[in-house]
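What follows draws every value from the coordinates through simple rules; no lab data is involved. In this text, all values refer to a predicted model and were calculated from it rather than measured experimentally. All Cβ positions, even for glycine, are placed from backbone atoms using ideal geometry, and neighbour counts span all protein chains on display.
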Amino acid sequence: GPCSIESEEQITYCAQRVKAAGASLLRGGAFKPRTSPYSFQGMRSEGLDLLKLARRATGSPIVTEIMNTEHLPLFENVDLIQVGARNMQNFELLKAVGRQKKPVLLKRGLANTLEEFVMSAEYIMAEGNENVILCERGIRTFETSMRNTLDLAGVVMLHKMTHLPVIVDPSHATGDYKYVQSMAIAAVAAGADGLEIEVHDNPQCAWSDGAQCLKPDKFAETIAMCRKVAAAIGREM
Ligand code: PEP
Ligand code: MN
């Protein structure tokens, strides 16, 4: 789904298109961790309401990011709670999502090792919630040609280090829609258990991360290609 939820029409249309293409979950940001305090900060609880309307319209389970323990009551009706890269080591937040029952999608920090990533998952599980999905979303390196450097070997390594499912976010990893399809395919080939891809019907006008959003047609084409790769390595998507 889109980086940010922007309106009922936007999120519902996106929900319908990604579901038709084969997405099993709808993701949209309501609370946005933005680098600049002057950038759009998300529609907050109003965005959560719109996301729920899109779920009702499509039947797709919803995923959205939590930034603050105080917001937990607002997330009771969310199907999968995302803890974003910038909060990977917000230990009080990790403990709080560990004390509730919804599954958690934990994204790797911008500059965190795999060991630290696994320890953060451990914080959640130690509180009793073992339903954790890891997400590799690119890390900071000396390379500046892309937003981040996608650590696909890390996906293989994480599968060795843990029993947890590992998914890949090629959107934040590259920061540019032109590279998202290739990296999605590569992620499936590397054994990723899922993908988180940003999709927007009008990326030029997106309120955040438009440069890395796929249009719905391109998303559908990408999923079709990923399915072929998955089949080639004996997996199903
Ligand atoms: C996001 O998923 O929209 C997001 C902010 O991702 P990350 O935490 O990986 O930067
Ligand atoms: Mn984003």
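Brief remarks follow.
- Cleavage-rule hits, chymotrypsin sites (Phe, Trp or Tyr not before Pro), the stretch 129-237, DSSP coil, Cβ neighbours within 10 Å at most 12: F142
- Here the residues V18, V168, ranked from fewest to most Cβ neighbours within 10 Å of their Cβ, fall in the order V18, V168.
- Packing-based ranking of 78-87, 42-51 yields 78-87, 42-51, ordered from highest to lowest mean Cβ neighbour count within 10 Å.
- The chain - mean residue ellipticity at 222 nm from DSSP helices (-39,500 (n - 2.57) per run, n ≥ 4, rounded to 500): -12500 deg cm²/dmol
- The modelled label-to-label distance between T149 and D201, using points 7 Å beyond Cα along the C-beta direction, is 3.9 nm.
- Under-5 Å amide H pairs with L105, H placed in peptide plane, nonlocal only: I81, Q82, V83, I133
- Relative contact order of the stretch 113-235, pairs being alpha-carbon contacts under 8 Å that are 6 or more residues apart, as %: 20
- Straight Cα distances below 12 angstrom link K228 to the aspartates and glutamates E236, with same-chain residues fewer than 8 positions distant left out.
- Restricting the GluC sites (Glu not before Pro) of the stretch 126-200 to loop positions (DSSP other than H, G, I, E, B) with no more than 13 neighbouring Cβ atoms within 10 Å leaves E143.
- DSSP-loop chymotrypsin sites (Phe, Trp or Tyr not before Pro) across the stretch 29-90, with at most 10 other Cβ within 10 angstrom: Y38
- Percent RCO, i.e. relative contact order, over the stretch 1-122, from Cα pairs under 8 Å lying at least 6 residues apart: 20
- Gyration tensor over the Cα atoms of the stretch 1-82: the corresponding equivalent ellipsoid has semi-axes (square roots of 5 times the eigenvalues, largest first) of 20, 14, 10 Å.
- Stokes-Einstein D (µm²/s) once Rh is taken as the Kirkwood radius of the chain over alpha-carbon pairs, at 10 °C in 1.306 mPa s: 90
- Highest mobility in the GNM of the chain, judged by mean-square fluctuation with C-alpha springs under 10 Å and restricted to K101, K19, K32, is found for K101.
- Straight-distance crosslink candidates among aspartates and glutamates, where the alpha carbon sits under 20 Å from K160 and sequence neighbours closer than 8 are dropped: E115, E116, E122, E130, E136, D151, D169, D193
- Sorted ascending by nearby beta carbons within 10 Å, beginning with the fewest, C226, C135 become C226, C135.
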